[in-house]
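The values are calculated or read from the model by the stated rules, or taken from the named source; none is laboratory data. Since the model is a prediction, treat every value here as computed from it, not as a measurement. Backbone-built Cβ (ideal geometry, glycine too); neighbour counts: all protein chains shown. Just the protein is used for accessible areas: all its heavy atoms, side chains included, with ligands, DNA and RNA removed. Shrake-Rupley method; radii C 1.70, N 1.55, O 1.52, S 1.80 Å.
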Amino acid sequence: MSFSGTGLRRSAAVAQSEKAMALNLAQKKEVVAELANVAAKAHSLVASEYAGLTVSQLTELRKKARQGGVYIKVAKNTLVSRAVDGTDYACVKDTLTGPLLYAFSTEDPGAAGRLIKEFAKANEKLKPQLVAVGGKAYPGTHVEVLASLPTREQALTMLVSLLAQPATMLVRVLAEPASQVARVINQVGQTKAA
């Protein structure tokens, strides 16, 4: 049996790079603490399969996430399970399987859903696997529902219009007797003129 020197060097290089990529205990604790901090403040979570996306596509997704107030992280599922323990997202601990990208909405509940939905339209490799909101986990198909939630500005506009509607109706009701009197006087004037 003969071993080529090149093959042994390549195997040693692969083993060395795998060691460099593995997180030590302190780094794992740091990742868990960071994710726990984000999860405690987040409004919603979308976990998606990302296998097959290129580095440039992931970079573009991260850029859009920063602009939209979404925290994105690719982490080991065991670390995420530990991080979400004790938060509203503890409900997803048992469903985390495979390589997943985690998107936490930090500004409004629908932000992560909108980001993943829009990005998945152009990149079919990104597949939502689960959605979590308010302590409940839902299948990835619910990303549509999450994405349809109004933004903070839209919700405030809707609230203001609901509050303004009764005032508008009150003004109309109060103005109606005066306009009825004006119509009656106008009618009487027209009949006398005729």
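Okay, here's what the table says:
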{"read-out": "Set 41/127; 63/136; 28/127; 73/127; 28/121; 28/63 screened for pairs whose C-alpha atoms are more than 23 Å apart", "value": "41/127; 63/136; 28/127; 28/121; 28/63"}
{"read-out": "Gain on full stretching of the segment that runs from residue 124 to residue 30 - 0.36 nm per residue minus C-alpha separation", "value": "30.6 nm"}
{"read-out": "Among 110, 84, 122 the positive-end extreme of the charge dipole of the range 66-159 (Cβ point charges)", "value": "122"}
{"read-out": "Förster-model FRET efficiency, 41 Å R0, residue 107 and residue 183, C-beta, rounded to 0.05", "value": "0.20"}
{"read-out": "Extension gain from residue 193 to residue 64, taking 0.36 nm per residue of separation minus the Cα-Cα distance", "value": "39.3 nm"}
{"read-out": "Surface share of carbon and sulfur [accessible, 1.4 angstrom probe, percent] for the range 76-121", "value": "47"}
{"read-out": "The range 69-161, accessible area per residue, ligands and nucleic acids excluded (1.4 Å, Å²)", "value": "52"}
{"read-out": "Backbone N under 19 Å from the residue 136 label point (7 Å along Cα→Cβ), restricted to the range 82-115", "value": "87-95, 105, 109-114"}
{"read-out": "Per-peptide average of other Cβ atoms within 10 Å, ordering 137-143, 41-47, 103-109 highest first", "value": "41-47, 103-109, 137-143"}
